[in-house]
1. Quick one: what are the phi-derived ³J(HN,Hα) couplings along segment 6-21, Karplus 6.51/-1.76/1.60 with θ = phi - 60°, whole Hz, x for glycine and proline?
2. Through the Karplus equation 6.51 cos²θ - 1.76 cosθ + 1.60, θ set to phi - 60°, convert the phi angles of segment 34-49 into ³J(HN,Hα) values in whole Hz; use x for Gly and Pro.
3. Please list the radius of gyration and Dmax for the chain, considering alpha-carbon atoms only, with Å as the unit.
4. Accessible area per residue of segment 20-74 at 1.4 Å probe, in Å²?
5. Please compute the net charge surrounding Ser43, taking Lys and Arg as +1 and Asp and Glu as -1 over other residues with Cβ under 15 Å from its Cβ.
6. Using θ = phi - 60° and the Karplus curve 6.51 cos²θ - 1.76 cosθ + 1.60, what whole-Hz ³J(HN,Hα) does each residue of segment 59-66 get, with Gly and Pro shown as x?
Amino acid sequence: MGIIATLIIGAIAGWLGGIIYKGSGLGLIGNIIVGILGSGVGSWLLGSVLKISLGDGWIGSILTGAIGAIVVLFLINLIFKKKK
């Protein structure tokens with residue numbers, strides 16, 4: 001997969017993960033970073049741990065990245081939780 005495709009999938013996955021998790025907005029660059037990290041986490045979690053495949057191609061990559069992005073956003077919010 002090319003660098004442009006990775007960035008596009010990362011941005012979509014990060015945005016989708018942010019929408020689902022209802023975290024604070026991270027902006028375009030933040031969504032791309034969370035989406036790319038989420039793709040790695042989602043791939044590891046679904047592939048190695050749970051032995052699940054969401055399919056190949058763009059849709060499978062976006063869904064895997066979004067699931068991983070939700071996990072990454074949960075961990076970020078857990079670590080940097082704002083105290084009231």
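1. Working through the residues one at a time gives 4, 5, 5, 5, x, 5, 5, 5, x, 5, 5, x, x, 5, 5, 7 Hz.
2. Taking θ as phi minus 60°, the curve returns 5, x, 5, 4, x, 4, x, 5, x, 5, 5, 5, 6, x, 8, 7 Hz for segment 34-49.
3. Using the Cα atoms of the chain, the pair Rg, Dmax is 12.4, 43 Å.
4. Details: 3260 Å² over 55 residues.
Using a 1.4 Å probe on heavy atoms only, each residue of segment 20-74 averages 59 Å².
5. Working: positive: Lys51; negative: Asp56.
In short, 0.
6. 5, x, 5, 5, 5, 4, x, 5
The values are calculated or read from the model by the stated rules, or taken from the named source; none is laboratory data. This is a predicted model, so every value here is computed, not measured. As a convention, Cβ positions derive from the backbone with ideal geometry for all residues, glycine included, and neighbour counts pool all protein chains shown. Accessible surface areas use protein heavy atoms only, side chains included; no ligands, DNA or RNA. Shrake-Rupley method; radii C 1.70, N 1.55, O 1.52, S 1.80 Å.
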